[in-house]
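Everything below concerns the one structure shown next.
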Amino acid sequence: MIRSAVLGLAAIALLAASPLAQAEDTPAWKSCISTTNTGAERFASCSEVIETKSQEGRKLAAAYCIRGHENNEKRDLDAALADLDEAIRLDPTYACSYNNRGRTYGFKGDYDRAIADYSEALKLNPNMAIAYNNRGDAYFHKRQLDEAIADFSMAVQVAPNYARAYGYRALAYHTMGNYKRAAEDYTAEIRLAPTVTAYLGRGDVYRDADQLDRAMADYAAVIKLAPNDARGWRNRGMIRLFKGDHKGGIADYNKALEYDPADAPSWNNRGQAKLRLGDKKGAIADFRKAIELRPGLESAMAGLRQLGATP
């Protein structure tokens, strides 16, 4: 999925606030629909509801729907599909089940079936923002970018504070090469939820738009938010190399490799910086490590040839 398809917990929140949640409900049912429980706790409680048949109708369908969601999160997709099929059999008018089964099909790579299920969810609940967002994700993976953008736009129209939908639409615009709209959407996402992913996305847009100072600022924000995340360091390191700051680039790649020593491009890029600073021995060592991690990496191979060294 784009960054992992949006989950169905919003439907759980709706259940907890709906007439389905009543004072006389069993502890297992209340725990099953609790938005504060862990996934494992909801899974166990919904399983108890299912096994004891302590609920019926939509409530029983909801237990299957929520357990199906938790199976999706564990990537136990066949179990998720079985749960969600049963939820739909019990209550074919319950949008939550179609949305979550759409996620199952999406995780399986069956985007046509995912789209069909999200569309059914939207027929039942035209204001289901997560279903618009998830259908947009499926269209994105089919490279139907206009349809994806239309769905992400509907998601934010229905839910104007839906930060992730802005981020997904930004990625679609970025893929289309519309850097202006992509940066605007990432900025909207950051205003609502200033996450590592959002800053990385906007930084990538600025990088590709050749706005290197802005890209560097966003990657610096990633480092501030998540100093142990190699992505902020290596992306800022790349910008420093673009700007000719090879010493600064090496310093950033040193940190990136501290946190992710298996990233071949980081070894290669640090080697390129060392080469430009005249550190031939260091460059050869880095190029060889890059090739060890990714055999045949052409830029590293070219660096070794330039230095008259072998892999």
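Readers should treat all values here as calculations from the given coordinates under stated rules, not as data from a laboratory. Here the structure is a predicted model, which is why all the values come from computation and not from measurement. Virtual Cβ from ideal backbone geometry, glycine too; neighbours counted across all protein chains shown.
Across the range 132-161, the number of residues qualifying as touching a Leu at 6+ places or on another chain (Cβ under 8 Å) and under 19 Å from Ala193 (Cα atoms) comes to 1.
Need the failing condition index for Pro227 against (1) in contact (Cβ under 8 Å) with a residue 60 or more places away in the chain; (2) not in a helix (DSSP H, G or I), just the number. Looking at each condition in turn, Pro227 falls short on (1). Condition (residue is free of Cβ contacts under 8 Å to residues at least 60 places away in the same chain, surrounded by 19 or more Cβ atoms within 10 Å (Cβ to Cβ), part of a helix (DSSP H, G or I) and acidic (Asp, Glu)) applied to the range 67-78: is it met by at least one residue? Yes, because at least one residue in the range 67-78 is free of Cβ contacts under 8 Å to residues at least 60 places away in the same chain, surrounded by 19 or more Cβ atoms within 10 Å (Cβ to Cβ), part of a helix (DSSP H, G or I) and acidic (Asp, Glu).
Would you please name the residue that is farthest from Gln306 (Cα to Cα), looking only at residues in the range 257-268 that are in a helix (DSSP H, G or I) and in contact with a helix residue (DSSP H, G or I) (Cβ under 6 Å, 6 or more places away or on another chain)?
Pass one, the range 257-268, residues in a helix (DSSP H, G or I): 257-259, 264-268.
Now narrow it down to the ones that are in contact with a helix residue (DSSP H, G or I) (Cβ under 6 Å, 6 or more places away or on another chain): 257, 259, 264, 266-268.
On the way: Leu257: 24, Tyr259: 29, Ala264: 19, Ser266: 19, Trp267: 17, Asn268: 14 Å.
In this case the residue turns out to be Tyr259.
Taken together, the criteria exclude Tyr105 from residues that are touching a Ser or Thr at 6+ places or on another chain (Cβ under 9 Å) and not basic (Lys, Arg). Yes or no: Pro265 loosely packed, with under 15 Cβ neighbours inside 10 Å and not charged (D, E, K, R)? Answer is no for this residue. Please determine, by comparing only the residues of the range 41-61 that are assigned to a helix (DSSP H, G or I) and without any contact (Cβ under 8 Å) to a residue 24 or more places away in the chain, which one is farthest from the chain's Cα centre (by Cα). Here the residue is Glu51.
For the range 244-256, state whether one or more residues are under 30 Å from Ala193 (Cα atoms) and either hydrophobic (A, V, I, L, M, F, W, C) or not in a helix (DSSP H, G or I) (or both). Checking the range 244-256: at least one residue is under 30 Å from Ala193 (Cα atoms) and either hydrophobic (A, V, I, L, M, F, W, C) or not in a helix (DSSP H, G or I) (or both).
On inspection, Arg202 fails the criterion of being surrounded by fewer than 20 Cβ atoms within 10 Å (Cβ to Cβ), touching a Lys or Arg at 6+ places or on another chain (Cβ under 9 Å) and not aliphatic (A, V, I, L, M). Pairs are defined by a Cβ separation below 8 Å, a sequence spacing of at least 6 or placement on different chains, a first member in the range 268-297 that is touching a residue at least 40 places away in the same chain (Cβ under 8 Å), and a second member that is in a loop (DSSP other than H, G, I, E, B); no pair meets this definition.
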